[in-house]
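Right, one structure below, let's go through it.
The values are calculated or read from the model by the stated rules, or taken from the named source; none is laboratory data. All values reported here derive from a predicted model rather than from experimental measurement. Cβ atoms come from the backbone with ideal geometry, glycine included; neighbour counts cover every protein chain shown. Side chains included, ligands, DNA and RNA excluded: accessible areas come from the protein's heavy atoms. Shrake-Rupley method; radii C 1.70, N 1.55, O 1.52, S 1.80 Å.
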Amino acid sequence: MAREELGVLTALDAAKTQWYHFTAIIIAGMGFFTDAYDLFSIANVTKLLGRIYYTHQGAPKPGTLPPKVSLAVNGVALCGTLAGQLFFGWLGDKMGRKKVYGLTLAIMVFASIASGLSFGHTPKGVISTLCFFRFWLGFGIGGDYPLSATIMSEYANKKTRGAFVAAVFAMQGFGILFGGIVALIVSSIFDHAYKAPSYVANAAESLVPEADYVWRIILMFGALPAALTYYWRMKMPETARYTALVARNAKQAAIDMSRVLQVEIEVEQEQVDRLSERENNSFGLFSKQFLKRHGLHLVGTCTTWFLLDIAYYSSNLFQKDIYTSIGWLPPAKEMNAIHEVFRVAKAQVLIALCGTVPGYWFTVAFIDHLGRFFIQIMGFFFMTVFMFALAIPYDHWTKKENRIGFLVMYALTFFFANFGPNATTFVVPAEIFPARLRSTCHGISSTAGKAGAIVGAFGFLYASQSKDVTKRDAGYPAGIGMKYTLVVLAVTNCLGIFFTLLVPESKGKSLEELSGENEDGTSYEPNAEQQGFLVAQI
């Protein structure tokens, strides 16, 4: 079909990589840096929270968070994120990306600080306050997903758009790494300043009163990077695609992009008005036309993100439990409270350095060459392979001489998650839907992902419990054990391969070409590629 292109959008698609691209990556990316720090830093301090608030005098082992409390502490931020993704995704299409972009960051700064200041005279009071503020922290984080992805995709040129959007998401890897480093530094300082014996040597003295500051400082530190980028977010102009195609203000779009691209752009108000009057540029999310054009695409982006996050978040949030189960972390009773934080954080940093961070940047390097579809299929495939390789001979990996091999295989699953579906599920929903629904559809897709994260986080906690009562965390019923939990995660990854077939390839195409916004005419007959059946690419 013939297409009517707006000059301002053509200029963006054809623009050479410039300084403003990198500025946008940093401004949007620092939000994801903060997101990852805030979401995953809780994994470094949950064991400490258990020791501080749930250790019983005379118990043979240090206290751990009771099952329901652990679920709340680990999962409440994910619930907030889910709500934020839906709400801010919708708001980004209604009010504009820029108008709500700063609000999400302000919520994150406030809630990060408030989380560290959680108060109460009883353990229940402190944990309840912590969960309250972490829900709102997640709410702000949730808004960052659809807004950052949409803004970056609408600013980028079509040649390197995938790399730019993936680079924003790749800052998540640095956030996870930074969270581990902060926990290492803080715990190391306190461990050296306040010497304490192990729990088995002296249970009472293994937990110094100052340990309560450790988890608070670690959680509050997440406010710093977000606060540093707030001013620059407020200085960013609204994206031209929203201004022209949604707000229908051709003059403002031309002014904003002339300033950004440093070229003269003609105002095309008549053309904008003409495009906006077409039926194919006005249908809504719950219309038959949307279902015909993008229904399968939305099913594909939602299901693949859902399946990916079941495996990804269960593995990330409960790394400490996996390390303990294979004996890489000493039993809790052989460490003091603060040193246990150090050991958990050290393990997180090593996995982030070896698998998480490199995987993200491999995606940035290759996504516009290999394509989103190939990388996603490849990632799900190797995650399946390595999960099965960990699960089937699980008893082999628990032996002391084989622990390094386990960690290598485990790091490789993270590498191919990030050089794979963890990045592509973020990128594609920001490319294939119309501008007026782009942020909303990305919010829906990412909400499905967080639903998977909640299933993974809550399900893993119970499923991974050993049938042997001596190896089980206090208060938990018997689960299927770590071995069979890893089998379930492997099957989940395998399902992701098949649902990827519903997602179209977006490499090298303009956003309007992918969404069909500027097509001349109202009739639409989707072809096989637009429906996403790209089996020939496998």
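Here are a few things to note about the model shown:
- The one condition in (1) in a helix (DSSP H, G or I); (2) of a type in the set (V, I, T); (3) open to solvent by 50 Å² or more (accessible area, probe 1.4 Å); (4) in contact with a helix residue (DSSP H, G or I) (Cβ under 9 Å, 6 or more places away or on another chain) that V100 fails to fulfil: (3)
- Pairs where the first residue, in the stretch 495-517, is within 17 Å of F164 (Cβ to Cβ) and in contact (Cβ under 8 Å) with a residue 12 or more places away in the chain and the second is among the polar types (S, T, N, Q) and part of a loop (DSSP other than H, G, I, E, B), C-beta under 7 Å, 6+ apart: L514/S506
- Taking the listed residues L285, L291, the one that is open to solvent by 30 Å² or more (accessible area, probe 1.4 Å), part of a helix (DSSP H, G or I), at pLDDT 80 or above and closer than 17 Å to R436 by Cβ is L291, with no other qualifying.
- In the stretch 72-97, the residues that are surrounded by 18 or more Cβ atoms within 10 Å (Cβ to Cβ) and charged (D, E, K, R): D93, R97
For every residue, the table says whether it meets (1) open to solvent by less than 10 Å² (accessible area, probe 1.4 Å); (2) aromatic (F, W, Y); (3) touching a Cys at 6+ places or on another chain (Cβ under 6 Å).
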residue: L353; (1), (2), (3): no, no, no
residue: G359; (1), (2), (3): yes, no, no
residue: F380; (1), (2), (3): yes, yes, no
residue: N402; (1), (2), (3): no, no, no
residue: S439; (1), (2), (3): yes, no, no
residue: I444; (1), (2), (3): no, no, no
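- In this entry, T384 is excluded by the filter for residues that are modelled with pLDDT of 90 or more, open to solvent by less than 20 Å² (accessible area, probe 1.4 Å), in contact with a Lys or Arg (Cβ under 9 Å, 6 or more places away or on another chain) and part of a helix (DSSP H, G or I).
- Residue check for D309: of a type in the set (D, E, K, R), over 19 Å from R97 (Cα atoms) and modelled with pLDDT of 90 or more: yes
- Just so you know, in the stretch 103-127 the residues that are of a type in the set (S, T, N, Q) and not in a helix (DSSP H, G or I) include one that is farthest from M236 (Cα to Cα), and it is T122.
- Of all residue pairs spaced 6 or more apart or on separate chains, those with beta-carbon atoms under 6 Å, a first member in the stretch 146-172 that is outside any loop (DSSP other than H, G, I, E, B) and a second member that is open to solvent by 10 Å² or more (accessible area, probe 1.4 Å) and acidic (D, E) are G162/D368; A163/D368.
- Residue check, Y394 surrounded by fewer than 23 Cβ atoms within 10 Å (Cβ to Cβ) and not hydrophobic (A, V, I, L, M, F, W, C): yes
- Residue list for the stretch 103-112, filter: open to solvent by less than 10 Å² (accessible area, probe 1.4 Å) and either among the small types (G, A, S) or farther than 15 Å from Y230 by Cα (or both): A111, S112
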